[in-house]
Structure formats: structure tokens, C-alpha cells
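To start, the structure itself, in C-alpha cells.
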Amino acid sequence: MNYNYRYRLKPTESQRETLDYHRDTCRQLYNHALYRFTQTPEDQGTVKQRVRTIRNELLDLKNCLLPTSS
């Protein structure tokens, strides 16, 4: 039998803010990709082709949402 270990995180306030920011970014990115997929007409290819076109846009979308490090 396989057991999954659980660990309790106790982040500091700044770590919590960073985690919340990244979680929110992932949520926005997922929702936008899902929206784009549902708006893509079915005549633009198979499901795999439509998923690939949206997947190729993800890096640009993620770069827009995440701050640049200077």
C-alpha cells in the first residue's frame, strides 16, 4: 500500500503573499486558456491541433502576467 505524506506549511507573511500571487497567476492563465479553447471554432483542426495552438500562446500570456526580474 502506498502512503502519501502530508506536510504542513507555515509560511511567513511575505512567503504567503508570494504563494498567493503565483496561485492567482496560474488561475488566471488556466481560465484564459480555457476561454480561448472554447472560443476556437471546431473547423480549425482537431482537438489536439487546437490545444497545441493555445499551448503555444501560454508562454507569452504568462510573461504578461508575471513581473520581470531586473
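The values are calculated or read from the model by the stated rules, or taken from the named source; none is laboratory data. All values derive from a computational prediction rather than experimental measurement. In this analysis, Cβ positions are derived from the backbone assuming ideal geometry, glycine residues included, and neighbour counts consider all displayed protein chains.
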Matching residues in region 52-70 (closer than 30 Å to T18 by Cβ, at pLDDT 85 or above and either surrounded by 10 or more Cβ atoms within 10 Å (Cβ to Cβ) or in contact with a strand residue (DSSP E or B) (Cβ under 6 Å, 6 or more places away or on another chain) (or both)) number 2
_Yes or no: region 3-23 includes at least one residue that is in contact (Cβ under 8 Å) with a residue 24 or more places away in the chain, part of a helix (DSSP H, G or I), surrounded by 11 or more Cβ atoms within 10 Å (Cβ to Cβ) and not hydrophobic (A, V, I, L, M, F, W, C)._
no
Pairing a residue in region 47-58 that is assigned to a helix (DSSP H, G or I) with any residue that is of a type in the set (S, T, Y), where Cβ atoms lie under 7 Å and the two sit 6 or more apart in sequence or on different chains, gives R50/T40
